[in-house]
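Report on the following structure.
The values are calculated or read from the model by the stated rules, or taken from the named source; none is laboratory data. The model shown is predicted, which means the values in this text are computed figures rather than measured ones. Because the Cβ atoms are built from the backbone with ideal geometry, glycine has one as well, and the counts that use them run over all protein chains shown.
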Amino acid sequence: MNYRTQKATLLALLLPTLAVAQDQASTMTRLCQKADVIVRATVTSSVHPTALLHQLTLQSNHVLKGQVGASFTLTEPAGKCCGRSLFALSVGETRILFLKRLGPTLHTLGGGRGVLASTPNLLTHVQALLAAPTTNATAHLLAACVNHAEPRIADDAALALATLPNLSLTPLERSAITSSLLQSVQRGWTRTAALADVAARLGDANMIDSIMPIYLEATREDQALLLRKALKRCPTQLVAERMPAFVGSTRRSNLRAAALMTELPAAAARAAMTNLLQRPNHPQVQMHLCEGLLAAGVSAASLSPMVPHAVLQLAVARQNRRPTFRNVQPLR
Amino acid sequence: MLLIGAAACGSGGGGGNSGSGNTIGALSGAVNLITHSPAHNAVQVQLNAIICLEFDTDMALGAFGDQDTWLRQAGSSTDVPVTFTRGSNGRIDCQPDSALQAETDYVFQLSALTSDLSGRILDVTTSFAFRTFDETPPSITGFSIAEGATSVSRTGTFTLSFDEAIDSGSITDSTIYLCDVFGGRYACESTPIGQTILIDPFADLPGDRQFSIVATTALGDRAGNQLEEQYQSSFRTRNDAQQPSVNDTWPLLNATNMSPDLQPTFTFSESMDPATVEAVSLLFQDEYGSIIPFAIGATLDQRTLRIKPLVSLQVNRRYTLEFMLGAASASDVSGNCLIATQALTFTTGTDDVAPSVVASSPTTGESRVPGVLIAELTFDKDIDTLRVNETTAEFLVAGKPWATVIELVGTDTVRVTPILTLPVDTLCTLTLLGGQNGMRDLAGNVLATDETLSFTTSADSELPEAMILPPNDAVTIATSSHFSIVFDAPMDPATLTPSTILITDDFGNPISGTRTFSANNRVVTFEPTTNLAPHSYYRVQILSGNNGARRLTGNWFDSDRLSRFRTGQAIDATAPTVTATVNGIPSDRRDGLVLPPCGFTIDVTTSDSFSQWVDMGSIDIELTGGSGPTSESLLATAIIGYNTVQIQVSEDTPLSTGMWTMTVWATDLSGNRGQSSVIPFEVDSPSTGSMPFERTQLVWVRTDLDRDDNGTDDFTDDMVRLGFNTAGDPSGTNAYMQKLLLDGILAKANHIYHRGSRGEPLSSGAVQLRFLTREPTLLPHMQIGLGGLDPEGDRTRVYGSESTGVLGRAYYDYRNSNPTERNTATSPGLGVFPAEMWLYQTYLHKQAYPSFQTQFASRFLAICPDMGGSPAGTNPYDPAVLTASFDYDSATSAQRARWNAIMSAADEWTAVIGVILAHEVGHSVGLVAPGAMPNGLFGDSSLHDTYASAAEVMAASVSYNAMTSLDYQFRDIDLAYLRMRILLR
């Protein structure tokens, strides 16, 4: 069959749209705040009043927030769409729905992220979020959930914690954050991003002491990069002061330490870099530290007694090297 | 079975390479340029030549009108008018509309979108250069020193300029040289650089002397035309009245036990005239006054002279070398006499044996050397540390010098440590120089000949890792425990011995017991003969280096790994808990599970009673139902952590079709065995189905849409919001920044589809999908909008407004049935909406700043105008900094800082938007079909990856921070679908 002809005949079968959501903007915590109505409801009918529309009638089982009738309808453009996940619901199915009132009608909030399976865990969590009287109470609730067995709850807890206006956690809760972060780094999860943000926001000496070994020993480079970015947003003087206590003897951890130090403000990191340079190290670590110290204004002559000539020579040669980037190519 | 195994490549053409260096051939659905004329770098091409292209199929003539197909003069951006005609058997002729210019370099480029009659494209941009007929000899246009100049530096370099590049093969000591008025030639290094030749004399030139630079008629251009007449230009060097002095001597004054074979050296402050060092100027005698006859050797710069005795020195005798002053004294190249110098005295011993290498790591010829190498060569005697440096040891990687630290370890071992990690699978050569300029022992006996050690790095770029159980610092370990080591890759069993894995008490005494290997030599289990002593420390140490434990690929640990732990009082009799899933699907959703024969994952988690550890090397996966992989083979490829195991069933060991059950067992260190629940599932058989890509899917990423109707395209609106552009373009940098950002976004999206930054396929694993910044000529393609706010939200939102939380939307097209989707509509709102990300990130910033700086703020505070930054184009540095020609090397630190700030923000933003673009386009080519096989790809009800915890492109939701750092990839089964290695029926 002619390629173009065949494809053209299939045009009519196109299904509607999908969307990708910004997860922090659609956590259950945020949806609880923004929704006018939160209801556990069961689909009683599913129709297409026109070719372009899909309409569900639902029977409300349990109103968690706001007011809604015993039976109500939700209408969306027809077809499959992650932003409008009603398309996936069939008669008899029960969901927890986060709804917003626009004029006289209700609409789902947060796309598919606002249509949850009606499991006991999720229901309990939503009820607990709604019952939290203060931001602090919400923070404690979320911190208790960062290791939850239900991934959506654990992910959401980490994401929401990272965006709470005020963040004050107990030692036990901090410990939970650390253990969750360690697990997330080991498994290569995206949850690391939010947990690292939480850790950076707490950002005191204890938390830095907790993150530092996870960063230095992370198996995956991309996870280490996330942690490095978080550590860079902690108080830089504190990071620079704490780092030497955790540097081990392996080349990888020392390279990580050097990478972090060279990216911190020079004034804060100079002493730590010098400290690290004076320890026995692989030449590659020495070279990175020399690059950092040179960039911090230390003269090559003063570094000369501390490192082999070849190391300093390479560091000097690389000093004026144009940085490269992963995606953008400024010379093109 | 509804999934079928399919060939990765479709029809393709098996043609050869183009001859211009591109090697990606025979990709699925790709056209191949078999050959072309003129060949790359051809010379003497006729002015009326036809450029002939031969493809492996008949081409669509209209495709040659693509804007990326052109003929240009080298360095020009103006196309030469040409006419294409189609011949038979895939031949295309390109005839310039008028004669080419003589003696001119041309470049011909063929667009990646060049297609055949059925829509298959070339998929790689191909170019080649040639030079037209040239019968004009080269001529010299200048010399860096004016004819007849005086007081010319004695130590500088000279540059000879030509009107065209000179053939480097014609540059020799006899075709270009430096001579004085007496006809004496002075050795130089002549290096062609562009249209010049740099001439660098090795030694200082004599002062106040007439010199000539001579270029003979044997010098020629690339076309073979030679200089018409010999060139000569003269100059006089400046006067030199500086007397030379001795800076250094060897051996040291009053040295003893020196070799009778030694050759003393003197190093001077400037180049010396070796001919002036002779018996009347240098007294060389023994303690009895016997004169030692000698000859002189000199380094190229003539600053170091070596005294070569012409008779053997006696053992145990004292010798003196003394420069004599007066009219006959030694002098520099200008004739200045040597300053008075202390006599050098030394005494010989009896050692006249040359040192030799007795051991090395790696050994020569070794082929599995890790990239993180520390090479060591051990001699049979002590080595002179003065001769252990970069002048006596040369390390070449693929024939090129590699920066290393060379040092003497102890007294007899030379250690060479490459500063940067070596590339994989590359031939490396370490040469220790022999002879008088090379390595020597303390007595001065030199290494007889060069000592060369050649080896090849392994194909494995990673270092081994090991999980030792019990782990380091563990306490209260049951006395009934055994030890377990789980490596991250198969190990070489010959390197897992009691001398490489030390299992001892806290005092280093070995523990008796039995070692067993399993899981393709990834797991070592040690069962002590008797129970461990209570309240005692034990150690497990894995030795590093080439004599330690090594991967099967050869790579060894860069440092020792150690676990020291303490036992408790009791034994452990409690079995561990074992939980297993398939594809992470929990038990309440796995009824009726249908799996493909391979590609799915088995996830295991374990837990044990307090302070006790599960032996993760003991995981036993029992699959019952037909032929399939063994537990050993599954574990051999597993990702194993403390209490977790993840395995992806490989296509090399598929399960047969039918009904299966899976049970997972795990044993703790005390031997207690736990069991998971039994998981039933079905494996379905393959059958023929359709492919998502019959031709390379082209995706035009449109940045020209104005869906908020504000008179400016949405992409530009984003640039201004973020601070990459400034309204009014005050510095003329907006276009550059837009191109930078758009190319960066596409580069990221291309990487995710396993293509290069410009969309070129990198291997046979590249997905047949190519992003474009413009509409392709005559080819069917998808379109997707990029820029602005979600059209389904309020389009008047500004900084501080609420985001819809929706970052993009696109048609879902099961099996990519329509390659011409238009994801550009306003209602429904389709495309990628970067401004929604901006809105939410700035919302977070407003909440947290200044008490906390978000990752977004750390990049955009400097440039985002609403956050108080200075957008690109408003800073005084921007006109110089924001161009493709910005010279970082010569820039000021302030310019560099500005450039780095903007480029870092751009790079991060492109990473984020590139992932979203890849995600949305993924939907439009069929991801993620919901449900299990045969019709689905384990997508969830919202058509995203189920339970996406890792950095998966098709996760239902994404976060800014994660996308800036994590390596987002398609889930294995999604990628297999995109690569057409599995098909949906």
Selection within the range A:302-332 - facing chain B (nearest Cβ under 7 Å), over 30 Å from B:A911 (Cα atoms) and of a type in the set (V, I, T): A:V311
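Take the residues in the range A:259-281 that are buried (at least 20 other Cβ atoms within 10 Å of the Cβ) and over 25 Å from the mean Cα position of the chain (by Cα), then tell me which one is farthest from the other protein chains (Cβ to nearest Cβ).
Among those residues, the one meeting the criterion is A:A272.
Just one of B:A218, B:A275, B:A298 is within 30 Å of B:L160 (Cβ to Cβ), touching a helix residue (DSSP H, G or I) at 6+ places or on another chain (Cβ under 9 Å) and surrounded by fewer than 16 Cβ atoms within 10 Å (Cβ to Cβ); which is it? Spell out the reasoning first.
Working: B:A275 fails: touching a helix residue (DSSP H, G or I) at 6+ places or on another chain (Cβ under 9 Å); B:A298 fails: surrounded by fewer than 16 Cβ atoms within 10 Å (Cβ to Cβ).
On inspection, the qualifying residue turns out to be B:A218.
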Extreme residue, nearest to the other protein chains (Cβ to nearest Cβ), among residues of the range B:387-404 that are within 15 Å of A:V311 (Cβ to Cβ) and part of a loop (DSSP other than H, G, I, E, B): B:A403
Subset of the range B:274-317 (residues that are of a type in the set (D, E) and not in a strand (DSSP E or B)): B:E278, B:E287, B:D301
A:Q237 in a helix (DSSP H, G or I) and within 8 Å of another protein chain (Cβ to nearest Cβ): no
Selection count where residues are surrounded by fewer than 16 Cβ atoms within 10 Å (Cβ to Cβ) and in contact with a Leu (Cβ under 7 Å, 6 or more places away or on another chain), scope the range B:49-67: 1
Residue that is touching a Pro at 6+ places or on another chain (Cβ under 8 Å), at pLDDT below 95 and assigned by TED's automatic domain parsing to the domain that holds B:F268, where the choices are B:S329, B:S312: B:S312
Flag for A:T29 being more than 10 Å from every other protein chain (Cβ to nearest Cβ), within 28 Å of B:S924 (Cα to Cα), out of contact with any strand residue (DSSP E or B) (no Cβ under 6 Å at 6 or more places or on another chain) and modelled with pLDDT of 85 or more: no
Cβ pairs under 6 Å, 6+ apart, first in the range B:471-500 and assigned by TED's automatic domain parsing to the domain that holds B:N531, second in a loop (DSSP other than H, G, I, E, B) and acidic (D, E): B:A478/B:D572; B:S480/B:D572; B:D488/B:E465
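Yes/no per residue for (1) modelled with pLDDT under 95; (2) under 22 Å from B:T417 (Cα atoms); (3) polar (S, T, N, Q):
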site	(1), (2), (3)
A:E241	yes, no, no
A:P244	yes, no, no
A:N254	yes, yes, yes
A:A266	yes, no, no
A:R318	yes, yes, no
A:R321	yes, no, no
A:T324	yes, no, yes
A:Q329	yes, no, yes
Breaking point among (1) within 11 Å of chain A (Cβ to nearest Cβ); (2) surrounded by fewer than 22 Cβ atoms within 10 Å (Cβ to Cβ); (3) touching a residue at least 40 places away in the same chain (Cβ under 8 Å), for B:P828: (3)
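When the residues of the range B:411-428 are filtered to those that are assigned to a strand (DSSP E or B) and under 20 Å from the mean Cα position of the chain (by Cα), which remaining residue is surrounded by the fewest Cβ atoms within 10 Å (Cβ to Cβ)?
Within the range B:411-428, the match that is surrounded by the fewest Cβ atoms within 10 Å (Cβ to Cβ) is B:L427.
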Those residues of the range A:141-181 which are more than 18 Å from A:Q33 (Cβ to Cβ), hydrophobic (A, V, I, L, M, F, W, C) and in a loop (DSSP other than H, G, I, E, B), in sequence order: A:A144, A:V146, A:A149, A:L169
Filter result for B:L408 (farther than 30 Å from B:A519 by Cβ, within 14 Å of chain A (Cβ to nearest Cβ) and in a strand (DSSP E or B)): yes
Residue list for the range B:738-768, restricted to those being in contact with a helix residue (DSSP H, G or I) (Cβ under 7 Å, 6 or more places away or on another chain), more than 10 Å from chain A (Cβ to nearest Cβ) and either crowded, with 22+ Cβ neighbours inside 10 Å or over 24 Å from B:S858 (Cβ atoms) (or both): B:I752, B:Y753, B:G756, B:G759, B:V767
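Please determine, by comparing only the residues of the range A:162-187 that are buried (at least 23 other Cβ atoms within 10 Å of the Cβ) and within 9 Å of chain B (Cβ to nearest Cβ), which one is farthest from A:P151 (Cα to Cα).
My answer is A:A162.
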Residue count for the range B:669-696, restricted to those that are within 30 Å of B:S115 (Cβ to Cβ), modelled with pLDDT of 85 or more and in contact with a Phe, Trp or Tyr (Cβ under 7 Å, 6 or more places away or on another chain): 1
Index of the failed condition, A:A224 passing every other in (1) of a type in the set (A, V, I, L, M); (2) touching a Lys or Arg at 6+ places or on another chain (Cβ under 8 Å); (3) under 24 Å from A:L172 (Cα atoms); (4) more than 8 Å from chain B (Cβ to nearest Cβ): (3)
Among (1) touching a Pro at 6+ places or on another chain (Cβ under 8 Å); (2) closer than 30 Å to B:Y186 by Cβ - the single one B:P81 does not satisfy: (2)
Residues within the range B:546-578 that are under 21 Å from B:P423 (Cα atoms) and either without any contact (Cβ under 8 Å) to a residue 24 or more places away in the chain or hydrophobic (A, V, I, L, M, F, W, C) (or both), tallied: 4
Among (1) of a type in the set (S, T, Y); (2) within 14 Å of chain A (Cβ to nearest Cβ); (3) buried (at least 21 other Cβ atoms within 10 Å of the Cβ) - the single one B:S458 does not satisfy: (2)
Tabulated pairs, the range B:806-818, first within 7 Å of another protein chain (Cβ to nearest Cβ) and over 22 Å from B:Q768 (Cβ atoms), second among the aliphatic types (A, V, I, L, M) and in a loop (DSSP other than H, G, I, E, B), C-beta under 8 angstrom, 6+ apart or interchain: B:R809/B:L830
Residues of the range B:925-950 that turn out to be surrounded by fewer than 24 Cβ atoms within 10 Å (Cβ to Cβ) and facing chain A (nearest Cβ under 7 Å), as a count: 4
Residue satisfying all of: in the range A:188-205; free of Cβ contacts under 8 Å to residues at least 60 places away in the same chain and at the interface with another protein chain (Cβ under 7 Å from one of its Cβ atoms); nearest to the chain's Cα centre (by Cα) among these: A:A193
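Residue by residue, here is whether (1) without any contact (Cβ under 8 Å) to a residue 24 or more places away in the chain; (2) out of contact with any Phe, Trp or Tyr (no Cβ under 9 Å at 6 or more places or on another chain); (3) closer than 26 Å to B:L300 by Cβ holds:
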residue	(1), (2), (3)
B:V358	yes, no, no
B:L373	no, no, no
B:D382	no, yes, no
B:R387	no, yes, yes
B:L420	yes, no, no
